[in-house]
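Okay, structure first, notes after.
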Amino acid sequence: MLKLQMQDFIIIATFTLPSELAIAKSRLESEGIECLIKDELTIQSYNFLSNAVGGVKLFVHKSKSERARTILKEGGFLKDNDSNLTSVEKYLNNPQNLKKLKRVSLILFGLIAIIAVIMVTYGIINRPTTIQKIANYDWCLDHIVYNNEEYYPNTIEGEVQLRLLYQCNEKLNFSRDGTLSIPGFESRKIISKWMVENDGIKVYDSDTLDFVFNGTFEVQVNNRELILSSPSTTFYCFLN
C-alpha cells in the first residue's frame, strides 16, 4: 500500500535529524496534511550517515505540496522555496526531468545490449579452432589405452638424454605442417601425419605401429587436458 501511495507523494523538505522532522511533521498533520517519512530509522541508528543519505526526507501528497510549503515557511522550517531540498531532490521532483532520465536510461540500456551482442559475436568468431587448441601447446603424453590395455611411453633414442625430474620428456607434438611426433614405447619416436577431419583429427602414415596410431580420433580438449579417442586407441595428455 505504501508503494502505491509514494507514487503520488513528493519530497517537501529534508532534515539532518529525525527530531527536527518530528516537529515539522506534527505541524503538518495538525493541519490535516498526511506525511510520509524516509530514512528515519537509518539516521536514528547511524547519525553520521545523515549527510551521506541526504537527511531524513519528509513527503506530502502532490496536491497539498504548496499548502505544506506555506505552513513550513510560516513555522520557520523552510526559509525559502525548496531551500531544504538537495539539488538531486529538486531535479527528481520535476516530471520533465524524470522523462529525460527514462529516455537516457533506455538509450544506455540499448547501448549496453549492442555492446553485449558485439562481444558475444566477437567471441564466437574468434573462438579457437581445433588446430589452434592442439597445436599451440606442448602436450605431455601420460599414457595410452590400446584394446583396453594401458601403455606408458618411454622413448629410447640413439644417444643418452638428460631427463630432468618433474619435467615432461614424453611429448605429443602437433606441428602446423601436419607432422605428428608421438613418444616411443620402449622404442624411438613415432612420426605420423595428422589433419583435422570434421570435429576430430585423422592420424595417418605412421612410420611404425600404424595399427595402433592410425585412425580418426575424437578430440576432448580444455586448458589443462587433451584426450584423443579412436575405436581402439585413446591418448591421455596434459599440459607440460
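The values are calculated or read from the model by the stated rules, or taken from the named source; none is laboratory data. What you see is a predicted model, and the numbers here were worked out from it, not measured in a lab. When we count neighbours, we look across all protein chains shown, and the Cβ atoms used for this are built from the backbone with ideal geometry, even at glycine.
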Inset, instruction - Go through the range 188-205 and give me each residue that's in contact with a Leu (Cβ under 9 Å, 6 or more places away or on another chain) and basic (Lys, Arg). - result: 193
Inset, instruction - Could you list, in sequence order, all residues of the range 217-239 that are in contact with a Phe, Trp or Tyr (Cβ under 7 Å, 6 or more places away or on another chain), loosely packed, with under 14 Cβ neighbours inside 10 Å and in a loop (DSSP other than H, G, I, E, B)? - result: 224
Legend entry - Residue count for the range 1-39, restricted to those that are part of a helix (DSSP H, G or I) and either modelled with pLDDT under 80 or not assigned by TED's automatic domain parsing to the domain that holds residue 78 (or both): 5
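For residue 196, state whether it is within 41 Å of the chain's Cα centre (by Cα), at pLDDT 95 or above and surrounded by 12 or more Cβ atoms within 10 Å (Cβ to Cβ).
Criteria not met by residue 196.
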